[in-house]
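Report on one structure; see the data block that follows.
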Amino acid sequence: MPSTKSPSLARLTTADVKPLLGSAPFFGQGQAKGEHASNDVLLLEGSRLHGPPVVFLGLHEPDSMVGAQALPSSEFSGKSDVSTVLANLSGTPFFSLDVSGIEQTDLDAALQNSAAGKAGAELSFAEPRGAMAMFDAFDASIFAMARTMVDWNFRNKFCPSCGSPSYSHWAGWKRSCSSLLPWADNTGKKPCATAKGLHNFSHPRTDSVVIVAIVDEANEKVLLGRNKNWPAKFYSAMAGFIEPGESFEDAVKREMWEEAGVKVWDVQYHSSQPWPYPASLMVGFFATADSSQPLQTDLDNELDDARWYTREEVLSILSHNEGMHLSGRDYRKMADAQDERDHIKNNAGSNSSASTMPGDQLEVPFRIPPLTAIAGVMVSEWAYGRAGPGANAE
């Protein structure tokens, strides 16, 4: 990310990162480094067997184009001459490169010698949640896809059927068992079950999460919760993962009962947002509950507190410059909380810093997520009467 007055997502060219990629070809690799895969072996289409992982994210076509010229129609894909096929493409291809296994000195050198680095841009890695909050919609979507695909490839290095190493093909969008490769030595082994069908044991995953803004029957209060490990005074809509066999509506009702002891009804879909930590889709809903009933936050021990806030209270937060502001330290704290929650859950000692954070000195009584997060959008839209039960139709 270049360090400027308004940080943005850095775009490095192929020439910039070529020293990090290893031997060509970069896709369609064969058994040995520098070797092209045979064109007639489908399992090697877009394969990458050597060098750091790379994923093709897609082609950003110019807005001026009529139709999608890169679709694999017979006119497009029937050309045997590669140069003729490439001539049909118009736009900017985007790729992600996983640099986690690259030596820091090599990575630093590539950044410094890049066109952006030589032009004086200060390129650095940043805490992703905080950085993403400053991206425009296009950069945020590129980053979300890139981070999700890098993470998925990183977590699926072995075949779940036979335990053999997996490899990347289809330019990073499929992973297959290495026992299926033409040169694999399978002497004395049973055929891998993934040899049947698509030869693709795992699709890039997306984990659906329901996130819910609960309002009272009079539509004048909203229920917000505070995780034990969040920054000081930070409250948000409550959320939870979909379980097998559940509908979204059932997940909303179950999660709200588990987190705050609240029974909800009138579940209404609002919108969704990709959340690449590591591969979630936040699916936003409004739901109604009885605000006179007691709240209970010790059912699954994820929440430190849950409170009903009036519309006037939320509007006062929205109008305050600290009401939706999170610092870099806040984002890091939230990232650490998510990364470590399986290890520190129910650990009272882990919460001791919450009451001594500098955020306690904030002028606002509580804070809510910024508008770059779906929870912030939903709460804000509800407060202004633009979403939720009884919203003004436009």
Review point. Hydrophobic (A, V, I, L, M, F, W, C), in the same structural domain as TRP183 (by TED's automatic domain parsing) and modelled with pLDDT of 95 or more, is that true of LEU49?
Key: yes
Review point. Has segment 74-93 got any residue that is in contact with a Ser or Thr (Cβ under 6 Å, 6 or more places away or on another chain) and in a loop (DSSP other than H, G, I, E, B)?
Key: no
Practice item. Looking only at segment 240-247, decide whether some residue is in contact (Cβ under 8 Å) with a residue 12 or more places away in the chain, buried (at least 16 other Cβ atoms within 10 Å of the Cβ) and under 20 Å from the mean Cα position of the chain (by Cα). Key: yes
Review point. On the given criteria, is PHE135 assigned to a helix (DSSP H, G or I) and either among the charged types (D, E, K, R) or at pLDDT below 95 (or both)?
Key: no
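So, PRO231, is that one part of a loop (DSSP other than H, G, I, E, B), touching a Phe, Trp or Tyr at 6+ places or on another chain (Cβ under 8 Å), in contact (Cβ under 8 Å) with a residue 60 or more places away in the chain and of a type outside the set (Phe, Trp, Tyr) or not?
No: the conditions fail for PRO231.
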Practice item. Just need a number here: residues in segment 33-61 that are in contact with a Pro (Cβ under 9 Å, 6 or more places away or on another chain), aliphatic (A, V, I, L, M) and part of a loop (DSSP other than H, G, I, E, B). Key: 2
**Study point:** Pairs with Cβ under 7 Å, 6+ apart, first in segment 131-158 and under 11 Å from ASP98 (Cβ atoms), second of a type in the set (Ser, Thr, Tyr) and not in a loop (DSSP other than H, G, I, E, B)
**Key:** ALA146/SER96; MET149/SER96; VAL150/SER96; ASN153/SER168
Review point. So which residues in segment 148-169 are out of contact with any helix residue (DSSP H, G or I) (no Cβ under 8 Å at 6 or more places or on another chain), surrounded by fewer than 21 Cβ atoms within 10 Å (Cβ to Cβ) and under 16 Å from GLY51 (Cα atoms), if there are any at all?
Key: PHE154, LYS157
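The values are calculated or read from the model by the stated rules, or taken from the named source; none is laboratory data. Computed from a predicted structure; not experimentally measured. Note that each Cβ is placed from the backbone with ideal geometry, even for glycine, and that neighbours are counted across all protein chains shown.
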